[in-house]
Amino acid sequence: ANMSHELRTPLNSIIGFSRVILKGIDGPLTDLQSQDLASINSAGQHLLGLINDILDMARIEAGKMELVLDEVDLHDTINGVMSTTVALVKDKSVRLIQDVAPDLPRVRADSMRVRQVLLNLLVNAAQAIPEGHANENEIGVTTKTADVYGSAVVEVSDTGCGIPAENLARIFDPFFTTKFTGRGLGLAAVLGIVRGHNGALKVFSEEGWGRPSRFSCPAPRAWRRKWPPPRPARRTGEARGACWSSTTKRPCA
């Protein structure tokens, strides 16, 4: 985390100059040169994403992630993220479904971080659907009001390959991944962000039956201003679901 600036500066130059050359600003390229430069740019973007994820995890574990809290309209946030998701599934036979409750309350949250949570869960959902799958699959976002305090619950679901029961208890552990392209930091960061909002996160899954992921955000009057205490004890999951609640400080029932 302390080295992040020193790492980003040369990395941004690599990404920036490779993009400039790819655009042909410095002269024409051969097909082979274009392929090599595209690989350099892609690898740079991947490394930058890894650095950002590690920086987020360092802040979360130290209890120093700063949240810019305001009243957030989840309708706008979900609309924006779903528009971004269209590009993630353009090469797949996938139908995007959006079902947002009209009476969903505004929540007390950091809009950028809530967007990060939603986008991460949608990226996971898109990656869970196999390439070239003949049948149409679905990725959906649904919402509801959870309790008397007006907390909002957002669920992201997919009809992909699901998660084996033996892996379900470990999905929140940093650097645990079953995907070759995964970094294993997405759900760990999502968990930290949701906990920072005094919300709860739960993932249900069975192998071959898709994966609903559900998180909650409190309405303004349910908000507690202090961060929850630092990292939780080791988390365990049930046969169908794994979650962590910052309210009870233990795995969800």
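The values are calculated or read from the model by the stated rules, or taken from the named source; none is laboratory data. It should be emphasised that the depicted structure is a prediction, and the values quoted were computed from it without experimental measurement. Cβ placement follows ideal geometry from the backbone for every residue including glycine, while neighbour counts extend to all protein chains displayed. Protein only, heavy atoms only, side chains kept; ligands, DNA and RNA dropped before computing areas. Shrake-Rupley method; radii C 1.70, N 1.55, O 1.52, S 1.80 Å.
Of all residues in the stretch 74-127, those that are more than 15 Å from the chain's Cα centre (by Cα), in a helix (DSSP H, G or I) and within 23 Å of residue 145 (Cβ to Cβ) total 4. Out of (1) assigned to a helix (DSSP H, G or I); (2) out of contact with any Leu (no Cβ under 7 Å at 6 or more places or on another chain); (3) open to solvent by 30 Å² or more (accessible area, probe 1.4 Å); (4) aliphatic (A, V, I, L, M), what's the single condition that is false for residue 68? Every condition holds for residue 68 apart from (1).
Condition check ((1) open to solvent by less than 80 Å² (accessible area, probe 1.4 Å); (2) free of Cβ contacts under 8 Å to residues at least 60 places away in the same chain) across all residues:
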position: 35; (1), (2): no, yes
position: 63; (1), (2): yes, no
position: 76; (1), (2): no, yes
position: 80; (1), (2): yes, yes
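In the stretch 41-68, which residues are of a type in the set (Val, Ile, Thr) and under 14 Å from residue 190 (Cβ atoms)? Of everything in the stretch 41-68, just one residue is of a type in the set (Val, Ile, Thr) and under 14 Å from residue 190 (Cβ atoms), namely 60.
Residues of the stretch 1-55 being in a loop (DSSP other than H, G, I, E, B), of a type outside the set (S, T, N, Q) and within 25 Å of residue 116 (Cβ to Cβ), which ones? Listed by number, the residues that qualify are 1, 3. For the stretch 22-62, taking the residues that are β-branched (Val, Ile, Thr) and more than 30 Å from residue 193 (Cα to Cα), the one that is farthest from the chain's Cα centre (by Cα) is identified as 30.
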